């Protein structure tokens, strides 16, 4: 049972445009949601997180939106740059003792074309 | 220092060998993790150490043996592995109260022959 789903395996965007990566989840007990970026042969890099009590969190070019009623979150990258080309993983964690365990989606490969 | 470092970067071992993976962080994080990642799959949690004590073991086979000598170091001892254990092994750490924000090292690419 896949609790965190990224239904788009890949996304291609022109440089300067907006990239929108989507993620759906099924477990209503998740408390925090995160986005990680991964280049080949490197570990995932933490990008941005959002608590379940918020609906938006912004950090520079990256904004995460959370729609709890739809169990959906998205990552917006504006403007997109070629260096943003990577695999993006959505992840979720519970609260308290289950805070440690991150449940990851399968990832979306973003390609930003110059 | 905002890095998690892992050694070695690559490791090839036979099924009868004993080897160890090492991880180090100097961010003062009190929780450290081992994950396994197969190609085109997301990372899967193996072990969690909190304050140098093993707090989570995700039913990992005993041929993988974690060790936390101090708050900055985490080892993964490997013995009698199978070819299907070949994967990228990732170490991560997190600070107290924000364990959902985990910082990953570059990983060790392990090949079992």
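What follows draws every value from the coordinates through simple rules; no lab data is involved. As the structure is a prediction and not an experimental result, all values here were calculated from the model. When we count neighbours, we look across all protein chains shown, and the Cβ atoms used for this are built from the backbone with ideal geometry, even at glycine.
Annotations for the structure displayed:
- Working note: Cα atoms of chain A, range along each principal axis, descending, whole Å: 43, 29, 22.
- Relative contact order %, chain A, counting alpha carbon pairs below 8 Å whose residues are six or more apart: 36
- For region A:17-66, the spread of Cα positions along each principal axis, largest first, Å: 33, 24, 15
- Projected onto planes of every orientation and averaged, the convex hull of the alpha-carbon atoms in region A:62-114 covers 4.7 nm².
- Of B:59, B:72, the sequence from fewest to most neighbouring Cβ atoms within 10 angstrom is B:59, B:72.
- The protein assembly as shown pair-distance distribution - Cα-Cα, 10 Å bins, rounded %: 8, 33, 35, 20, 5, 0
- Overall dimensions of chain B by Cα: Rg and Dmax, Å: 13.2, 41
- Take every Cα pair under 8 Å whose residues are at least 6 apart in sequence, average their separation, divide by the length of region B:7-99, and the relative contact order is 38 percent.
- For A:71, A:37, order by how many other beta-carbon atoms lie within 10 Å, fewest first: A:71, A:37
- Two-decimal log10 I(q)/I(0) for region B:18-84, as the Debye equation yields it once each C-alpha is a single scatterer, q = 0.12, 0.14, 0.25 Å⁻¹: -0.31, -0.42, -1.19
- Per-residue Cβ neighbour rank within 10 angstrom, fewest leading, B:29, B:10, A:72: B:10, A:72, B:29
- Taking A:21, A:47, A:73 as the candidate residues, the one with maximal mean-square fluctuation in a Gaussian network model of chain A, Cα springs under 10 Å, is A:47.
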